[in-house]
């Protein structure tokens with residue numbers, strides 16, 4: 001059986017005041033797209049300059065990734081903050097670390 005890569009991720013703006021949660025099959029490409037789209041008022045992430053990766057989870061099945069994304073989107077900001085802090089205590093921007 002072939003293994004696939006899917007990611008649930010959270011990006012934020014430079015001041016870490018806005019969070020955007022998404023799902024993708026190519027984390028590098030998607031984070032790059034968010035950065036290229038910054039300032040675009042037609043999209044939430046673009047409007048709020050959310051392109052700094054602070055959290056991600058890896059999945060091999062798209063259905064699990066989509067279910068997790070939906071779950072996280074329903075969470076409160078406080079709960080998302082705790083998740084990010086557990087994974088990435090300093091809220092370091094991980095964009096460079098995921099470049100392959």
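Read the figures in this text as sums done on the coordinates, not as results from a lab. Not measured: the values here are computed from a predicted model. Positions of Cβ are backbone-derived with ideal geometry, glycine not excepted, and every protein chain shown enters the neighbour counts.
Some observations on this one:
- The chain, helix-only ellipticity at 222 nm - DSSP H runs n ≥ 4, -39,500 (n - 2.57), divided by all residues, nearest 500: -11500 deg cm²/dmol
- A straight chain from residue 42 to residue 29 at 0.36 nm per residue would run longer than the Cα-Cα distance by 2.7 nm.
- Of 19, 83, 72, the one that fluctuates the most in a GNM where the chain has Cα springs shorter than 10 Å: 83
- Proxy reagent accessibility, fewest Cβ within 10 Å first, across 34, 61: 61, 34
- Separation between Cα centres of region 19-47 and region 65-100, rounded to whole Å: 14
- Orientation-averaged projection of the chain equals 6.7 nm² [convex hull of Cα atoms, one quarter of hull surface area].
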